[in-house]
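Asker: The structure follows.
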Amino acid sequence: TQAIISTLMITPLWLNAAEQASPEEEVEVMTVTAQKRVQNIMKVPVTVDSISNEEIKQSGSIMLNDIDKFIPGFDFSDGDVTQAGVTMRGVSSPNISVGGDPSSATFYDDVYMPRAAQNVIFSDMARVEVLKGPQGTLFGRNAAMGVVNMVPKSPFADFEAFAKATVGTDNLQRYEGMVNIPLTDSFYMRANILSNTQDGIVQNVANPEWFNDGQKVWDLGERSHLAGRVSFLWDIADTTDIQLSVDIDDLEQAPPMAVGVSEYAYNQGKTPFASKAENDINMGVESREMYGVTAKFNHEFNNELSMKYVA
């Protein structure tokens, strides 16, 4: 449950300029890129919900299924690695084909993500935007239901760094680190890494012959996720910059859990909600590897006209 506190500030008309609120006391303006450019969210004629970096940190979210509870009309299900599903306003795109694309488009750093890579982990994310309704005009195909736009942070001119460790139940171990370094007056680097592992909650008691070949026995619900990013930004001029980014996102997880009631389930289905299972699938793991190199060129001609090229 999240509580939202609103404050009403009334300023008497007779206050002079010296008594006005300081910049630190002013209301922060939330910006989004719902129309392919940075804008005040109040001036965007699109139904858009935005989760900021601060909200992501406070909630401990690392994936889309962690933040869907904060966005009305949006649900993200990632029970299977390659079959992540987005639901907007009650409309989903059920599809059992890895190569099939859904009716909602997912973007990461201005790049379209196929269904198998939608569950990218939040590593040093600036914000996540959810645009509801048809967005084909600006985002192309597969956007009839809407768009999920993940915006990672870009390098900038100041030094910044942090390291963070989180432990929890079921041997949860999460380690995250980031460093932003200005290499020159106009060339900056930002690097970050995030590792997230957790044991399963259903013990796999199967012992087939191939387990003896040194393969890992995955308990149901177990997951290992590693993501990293290195980004370089070159400010060529006040109105022109080039950014080059390299991303990796590798995920391994055990097969999904299920209630077993058939004779082939654990204990012939007599204990459908047992804390044990016998899963003898070869290798016993689902995996997905993603590697990406992105180059972006930005140029502002004036206050009304700008250009962005993404490769």
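The values are calculated or read from the model by the stated rules, or taken from the named source; none is laboratory data. Nothing here was measured: the structure is a model prediction, and the numbers come from that model. Cβ: placed from backbone, ideal geometry, glycine included. Neighbour counts: every protein chain shown. Heads up: the accessible areas ignore ligands, DNA and RNA and are worked out on the full protein's heavy atoms, side chains in. Shrake-Rupley method; radii C 1.70, N 1.55, O 1.52, S 1.80 Å.
Asker: Residue by residue, what Karplus-based ³J(HN,Hα) values in Hz, rounded to whole numbers, does segment 298-311 have, using 6.51, -1.76 and 1.60 with θ = phi - 60° and x for Gly and Pro?
Answerer: 3J(HN,Hα) across segment 298-311, in whole Hz: 10, 8, 9, 7, 7, 5, 9, 10, 9, 9, 9, 10, 10, 10.
Asker: Which peptide among 67-77, 133-143 comes first, and what is the full order, when sorted by highest mean count of other Cβ atoms within 10 Å? If you can, show how the numbers build up before the last one.
Answerer: Details: 67-77: 17.2, 133-143: 15.2.
In decreasing order of mean packing, 67-77, 133-143 become 67-77, 133-143.
Asker: How large is ³J(HN,Hα) for each residue in segment 105-111, as worked out from phi by the Karplus curve 6.51 cos²θ - 1.76 cosθ + 1.60 (θ = phi - 60°), to whole Hz, x for Gly and Pro?
Answerer: Each residue of segment 105-111 in turn: 8, 10, 10, 10, 6, 6, 10 Hz.
Asker: Of the peptides 284-294, 223-233, 299-309, how do they stack up when ordered by the mean number of other Cβ atoms within 10 Å, highest first?
Answerer: Numbers: 284-294: 15.4, 223-233: 19.8, 299-309: 10.5.
Per-residue Cβ counts within 10 Å, averaged per peptide and sorted highest first, yield 223-233, 284-294, 299-309.
Asker: Another one. Using the heavy atoms of the protein chains alone and a 1.4 angstrom probe, what is the accessible area of segment 100-234 per residue in square angstrom? Numbers along the way, then the final one.
Answerer: Working: 5850 Å² over 135 residues.
That works out to 43 Å² per residue.
Asker: With a Förster radius of 41 Å, plug the Cβ-Cβ distance of A126 and Q215 into 1/(1 + (r/R0)^6) and report the FRET value to the nearest 0.05.
Answerer: Working: r = 39 Å, r/R0 = 0.96.
With R0 = 41 Å, the Cβ-Cβ based efficiency is 0.55.
Asker: A further question follows. Give me a comma-separated list of calculated 3J(HN,Hα) values for segment 51-66, in order, Karplus coefficients 6.51, -1.76, 1.60 applied at θ = phi - 60°, integers in Hz, x for any Gly or Pro.
Answerer: Each residue of segment 51-66 in turn: 9, 7, 4, 5, 5, 5, 5, 5, 8, x, 6, 10, 9, 4, 6, 7 Hz.
Asker: I need the peptides 151-164, 195-208 ranked by packing, meaning the mean over residues of other C-beta atoms within 10 angstrom, with the highest value on top.
Answerer: Ranked by mean Cβ neighbours within 10 Å, highest first: 195-208, 151-164.
Asker: Continuing with this model, one more query. Dividing the alpha-carbon Rg of segment 116-170 by 2.2 N^0.38 Å yields what?
Answerer: On the way: Rg = 16.1 Å, N = 55, 2.2 N^0.38 = 10.1 Å.
Compared with the compact-globule rule of thumb, segment 116-170 sits at 1.60.
Asker: Over the residues of segment 163-276, compute the C-alpha Rg and express it relative to 2.2 N^0.38 Å.
Answerer: Details: Rg = 22.1 Å, N = 114, 2.2 N^0.38 = 13.3 Å.
Compared with the compact-globule rule of thumb, segment 163-276 sits at 1.66.
Asker: At what distance in nm do the modelled label points of L244 and V259 sit from each other, each positioned 7 Å from its Cα along Cα→Cβ?
Answerer: For L244 paired with V259, the spin-label model returns 5.4 nm.
Asker: Same structure, new question: Quick check: pseudo-label points 7 Å beyond the Cα along Cα→Cβ at I201 and A295, how many nm apart are they?
Answerer: My value for the distance between the label points is 4.6 nm.
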